[in-house]
Every structure is written in structure tokens, then in C-alpha cells.
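J.: Quick one: structure below, then a few questions.
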Amino acid sequence: MNEIQQERQPGAAFSTRRNVPVVENIGGKQIEVTFLGTNAQGRLTWIMWNPTQPFLIGILTQGQLGFTFEQRTGSGVMLHENVPLSRVQRAIAG
């Protein structure tokens, strides 16, 4: 088992090793994902960046019914609420 798998909480989408960026292949793109911890509602939270440029992609939180993804786009912020991880991946892929 690799280090990333060891650092995941049961049911977590990505690494839960706090403040350690990990490059993941999401929707065919290389995305830097950093676990921030739990938010005020107790939900696991990650921030996503383009690893080659200082460009924020979005913030992902994992809830009981799915994920909430606040995605930065050229026309503003798009909010995807209570969606499966596959839909988050499609939103990132464009």
C-alpha cells in the first residue's frame, strides 16, 4: 500500500494528510490537491490547484450526500452541490 492510500480516511476521496500537496490525475488533467482538514461543519475539505501555474481550480468538500465543489471559471464561480466525484471530475475536465 502506498503512502497516499495509507493517509486516506475511510471513504475519503483523496489523501487526508494535512497540508501536503499531492498531484492527482483528475479528468485527464494533473491537479494538485491539498487537504485542509475539516471545515466548520466537520466536512473534509481540499483545495485544488494547477500544479504548473499558480491557478486556483476550486475547493472540494465531502459531505454525507456527495461532494460540494466551488469551481473557479473564467466567468465566475460555479457551485456544484451534493454531486458524485465523477461529476466533479467532469467539471474539472471541462
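Readers should treat all values here as calculations from the given coordinates under stated rules, not as data from a laboratory. Remember, it's a predicted structure, so these values are computed and weren't measured experimentally. Using ideal geometry, Cβ is built from the backbone for each residue, glycine included, and neighbour counts are taken over all protein chains shown.
J.: If you plug each phi of segment 73-90 into the Karplus form 6.51 cos²θ - 1.76 cosθ + 1.60 with θ = phi - 60°, what whole-Hz ³J(HN,Hα) values come out, in order, with x for Gly and Pro?
T.: 10, x, 10, x, 9, 10, 10, 10, 10, 6, 10, x, 4, 4, 6, 4, 4, 5
J.: Given an 8 Å cut-off on Cα distances and at least 6 residues of separation, report the relative contact order of the chain as a percent.
T.: Once divided by the residue count of the chain, the mean separation gives 17 percent.
J.: Treating only the Cβ atoms of Lys and Arg (+1) and Asp and Glu (-1) as charged, compute the dipole magnitude of the chain about its Cα centre; round to the nearest 20 debye.
T.: Charge dipole, the chain, about its Cα centre: 80 debye, nearest 20.
J.: Given the rule -39500 (n - 2.57) for each run of at least 4 DSSP H residues, summed and divided by the residues of the chain, what is its mean residue ellipticity at 222 nm, to the nearest 500 deg cm²/dmol?
T.: One gets -3500 deg cm²/dmol as the mean residue ellipticity at 222 nm.
J.: On to the next question. Could I get the Rg over Rh figure for the chain? Both from C-alpha atoms, Rh via Kirkwood, rounded to two places.
T.: Taking Rg over the Kirkwood Rh, I get 0.94.
J.: Applying the Karplus parametrisation 6.51 cos²θ - 1.76 cosθ + 1.60 with θ = phi - 60° to the phi angles of segment 36-49, what ³J(HN,Hα) value in whole Hz is obtained for each residue in order, glycine and proline being reported as x?
T.: Per-residue couplings from phi come out as 9, x, 9, 7, 4, 8, x, 9, 4, 9, 10, 10, 10, 10 Hz.
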